[in-house]
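Engineer: I am attaching a structure below and will ask some questions about it afterwards.
Nothing in this text is a laboratory measurement; each read-out follows from the coordinates by a stated rule. All figures in this text were calculated on a predicted structure; none of them were measured in a lab. Reconstructed Cβ throughout: ideal geometry from the backbone, glycine too, with neighbour counts over all protein chains shown.
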Amino acid sequence: LVSLEMLNKANPDAADAAYCKSSMADGECALNSEALSSINKAIRKYGVSARGEIVATLSWMLFESGNWVYNINHFPGNIGQGTRTMMTWEYVAEYAKTLHPDAYAKALGSGDVSAANNSTKTDVIDLVLNNDDSFGSGFWYLTTKAASFHGNANSLRDGNKADFQKYVEDGIVTTWTTEREDVWTML
């Protein structure tokens, strides 16, 4: 599991109770103390026990959420993209359907995910923006969408930067940057 000290080391600003008071993302910002319980619930729920997997997931969430400031995409403002991992709409929809099937069906109706309008996308993403679901999104993704990296003795080994880089590029399928490495190094 994760400790508050671990989060405070990686994200020291969010250790301060005043951190979110200056946030431009009203209602989205979270302190480390607010994130901790939800992160540990997700670790248990999705059966993630390897430190390298936990660090990789936390690094992804910290990077994408701007150190817990954002819960939805603001730059460039893709409606339906969010959670602490900034998953794209298609993944958000699948995640919401998995966790909240009845509410998801009500929000989407008989519509097709790829044809959803912005109002529908907002209704669906709202289902998973609570702390437990939002901070759980990275662990869900690891164990369902990038499952070959989960529980693999040759993947996401603790302290192995090359493993993390491979996960970013081939598991999350995004661009490796030194900024991502910097966040990972803090954990």
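Engineer: Looking at Trp60, Leu1, Gly82, which one has the Cα that reaches farthest to the positive end of the dipole of region 1-88 (charges on Cβ: Lys, Arg +1; Asp, Glu -1)?
Structural biologist: Value: Leu1.
Engineer: Normalised by the residues of the chain, what does the relative contact order come to in percent, with Cα pairs under 8 Å and at least six apart?
Structural biologist: 25
Engineer: Here's a follow-up. May I ask which of Lys45/Lys161; Lys121/Lys166; Lys21/Lys45; Lys21/Lys166; Lys21/Lys145 have a Cα-Cα span longer than 28 Å here?
Structural biologist: Lys121/Lys166; Lys21/Lys45; Lys21/Lys166; Lys21/Lys145
Engineer: Applying 1/(1 + (r/R0)^6) with R0 = 30 Å to the Cβ-Cβ distance of Glu169 and Asp132, what FRET efficiency is obtained, to the nearest 0.05?
Structural biologist: Computed FRET efficiency for Glu169 and Asp132 comes out at 0.55.
Engineer: Could you work out how far apart the two model spin labels at Ser148 and Thr88 are, taking each label as a point 7 Å from the Cα in the direction of the beta carbon, and quote it in nm?
Structural biologist: In this crude label model, Ser148 to Thr88 measures out at 1.8 nm.
Engineer: With +1 on each Lys and Arg Cβ and -1 on each Asp and Glu Cβ, and nothing else charged, work out how big the dipole of region 4-136 is about its Cα centre, in Debye to the nearest 20.
Structural biologist: Rounded to the nearest 20 debye, it is 280 debye.
Engineer: Same structure again: What nm value, rounded to one decimal, do you get for the distance between Ala162 and Asp112 when each label is placed 7 Å out toward the C-beta?
Structural biologist: According to this spin-label approximation, the distance is 4.4 nm.
Engineer: If we count every other residue with Cβ under 14 angstrom of Asn131's Cβ, Lys/Arg +1 and Asp/Glu -1, where does the sum land?
Structural biologist: -2
Engineer: Can you tally the net charge around Thr98? Count Lys and Arg as +1, Asp and Glu as -1, for every other residue whose Cβ sits under 15 Å from the Cβ of Thr98.
Structural biologist: Summing Lys and Arg as +1 and Asp and Glu as -1 gives -2.
Engineer: Using just the helices of the chain, give the 222 nm mean residue ellipticity in deg cm²/dmol: DSSP H runs with n ≥ 4 each add -39,500 (n - 2.57), and the total is spread over all residues, rounded to 500.
Structural biologist: -14500 deg cm²/dmol
Engineer: While we're on this one: Quote the relative contact order of region 80-157 in percent (integer), defining contacts as alpha-carbon pairs under 8 Å separated by 6+ residues.
Structural biologist: 34
Engineer: Then there's this: Using 7 Å Cα-to-Cβ label points, what is the Glu181/Ser33 separation (nm, one decimal)?
Structural biologist: The modelled label-to-label distance comes out at 3.5 nm.
Engineer: Okay, moving on. Helix 89-99 sits at what angle to the longest principal axis of the chain, using alpha carbons and giving 0 to 90 degrees rounded to 10?
Structural biologist: 90
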